Amino acid sequence: MKKFLGFALILVLSIALAACGSEKDKSGSDTEKESKKIVVGASNVPHAEILEEAKPLLKEKGIDLKIETFQDYVLPNKALNDKELDANYFQHIPYLEGQIKENGYDFVNAGGIHIEPIALYSQKYKSIDKLPEGATIIMSSSVADHGRALSLLEKNGLITLKEGIDKTTATTKDIVENKKNLKFDADYEAALLPKIYESGEGDAVLINSNYAIDAGLNPLEDSIAIEDSESPYVNVIAVNKGDENKEAIKALVEVLHSKEIQDFILKEYKGAVVPADK
């Protein structure tokens with residue numbers, strides 16, 4: 001009888017412990033379901049700052065956002081390709097397309113977030129029409145930026161590009177008219193251009209707004225020419241193909257398109273960064 005009671009007690013305890021374990025597993029599963037983590041690679045300014053502003057809004061949706069910052073335009077795509085990141089946010093569409101073609105990345109654009117107008121800066125001249133004959137224009141070594149830079153110069157009447165070309169892929173070879181015989185120096189990494197400007201090299205320097213702002217420049221006030229808001233160079237959330245349909249990625253894009261974030265961009269950057277919603 002004692003043996004039977006002892007066995008029954010052990011059986012009851014085993015069932016109880018199993019039930020507790022089941023409840024714990026269920027609870028853990030629910031917690032995992034409620035809280036998702038995504039890792040996004042970004043440039044310091046403005047991308048990481050915008051993502052920081054989005055963190056609490058994503059938290060409300062049960063998503064923990066971790067931001068990995070990068071100082072260049074190469075490593076964020078390598079990290080995304082190696083699945084070290086869930087997404088990256090640093091590049092515009094023409095650059096993304098060029099990287100896919102050049103490296104065979106299987107990436108897609110999950111959503112456009114903002115435009116950073118490229119601008120022309122000069123320590124020597126206060127306006128673009130004061131640039132002299134034979135002036136040297138310094139720009140990024142990234143070919144993906146050349147069409148953009150040349151389009152800005154064309155819009156300001158300094159050069160003319162071949163008719164009918166895709167201006168996002170234009171190079172100096174596509175210049176058919178160069179009124180002031182401008183010279184072009186494209187030997188510098190984009191991140192170094194603010195320092196090149198500060199040191200007074202060349203006659204004018206074309207700088208992407210993220211690097212300009214990070215260096216303390218105000219693109220609207222300090223430049224002698226700036227891209228307008230109709231630029232096709234929208235900065236996007238890039239992901240590996242198929243991940244654009246993941247709930248967390250959709251939520252990220254939705255939050256970045258929200259009125260709260262768009263208002264933050266307009267207020268924080270005062271037109272040097274322009275929100276996009278597609």
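The values are calculated or read from the model by the stated rules, or taken from the named source; none is laboratory data. Just so it is clear, the model here is predicted, and its values are computed rather than measured. For neighbour counting, all protein chains shown are included, and Cβ atoms are generated from backbone atoms with ideal geometry for every residue, glycine included. Note: areas computed on protein heavy atoms with side chains; ligands, DNA, RNA excluded. Shrake-Rupley method; radii C 1.70, N 1.55, O 1.52, S 1.80 Å.
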**Report entry** segment 113-161: proportion of alpha-carbon pairs further apart than 15 angstrom, %
**Finding:** 51 percent
Report summary line: Within segment 178-238, DSSP-loop trypsin sites (Lys or Arg not before Pro) with at most 12 other C-beta atoms within 10 Å are 179
**Report entry** Where only alpha carbons of segment 183-278 are counted, the Rg and the Dmax (Å)
**Finding:** 16.5, 49
Requested in this report: Would you rank 257, 146, 114 by solvent-accessible area, highest first, keeping every protein chain in place and using a 1.4 Å probe?
Outcome: 257, 146, 114
Query raised in the report: Per residue, how many Å² of accessible area does the chain show with a 1.4 Å probe?
Result: 53 Å²
Query raised in the report: Leaving out ligands, DNA and RNA, what percent of the accessible area of segment 68-149 is carbon and sulfur, probe 1.4 Å?
Result: 47 percent
Query raised in the report: Listed here are the pairs 66/250; 167/270; 59/259; 155/180; 78/101; which of them are more than 19 Å apart at the Cα?
Result: 167/270
Query raised in the report: Which longest uninterrupted range of the chain lacks any GluC sites (Glu not before Pro) assigned by DSSP to a loop state (not H, G, I, E or B) and surrounded by at most 16 other Cβ atoms within 10 Å?
Result: 1-83
Query raised in the report: What's the carbon and sulfur percent of segment 150-278's accessible surface, probe 1.4 angstrom, rounded to a whole number?
Result: 46 percent
Requested in this report: Figure the gain on full extension for residue 187 and residue 82 (residue separation times 0.36 nm, minus the Cα-Cα span) and round it to one decimal in nm.
Outcome: 34.9 nm
Report summary line: Inverse of <1/r> over all distinct C-alpha pairs of segment 100-224, i.e. the Kirkwood Rh in Å, gives 15.3 Å
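Find the all-direction average of the projected area of the Cα convex hull for the chain, expressing the result in square nanometres with one decimal place.
Values: hull surface 75.6 nm².
Averaged projected area of the chain's Cα convex hull equals 18.9 nm².
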Query raised in the report: Given the chain, what percent of its DSSP beta bridges are antiparallel, to the nearest 5?
Result: 55 percent
Query raised in the report: residue 102 label point, 7 Å along Cα→Cβ, cut-off 19 Å on backbone N: hits in segment 55-84?
Result: 70-82
Report summary line: The ³J(HN,Hα) series, computed from each phi in segment 198-213 with the Karplus coefficients 6.51, -1.76 and 1.60 at θ = phi - 60°, rounded to the nearest Hz and given as x for glycine or proline, is 4, 7, x, 6, x, 9, 7, 10, 8, 10, 5, 4, 5, 6, 5, 5
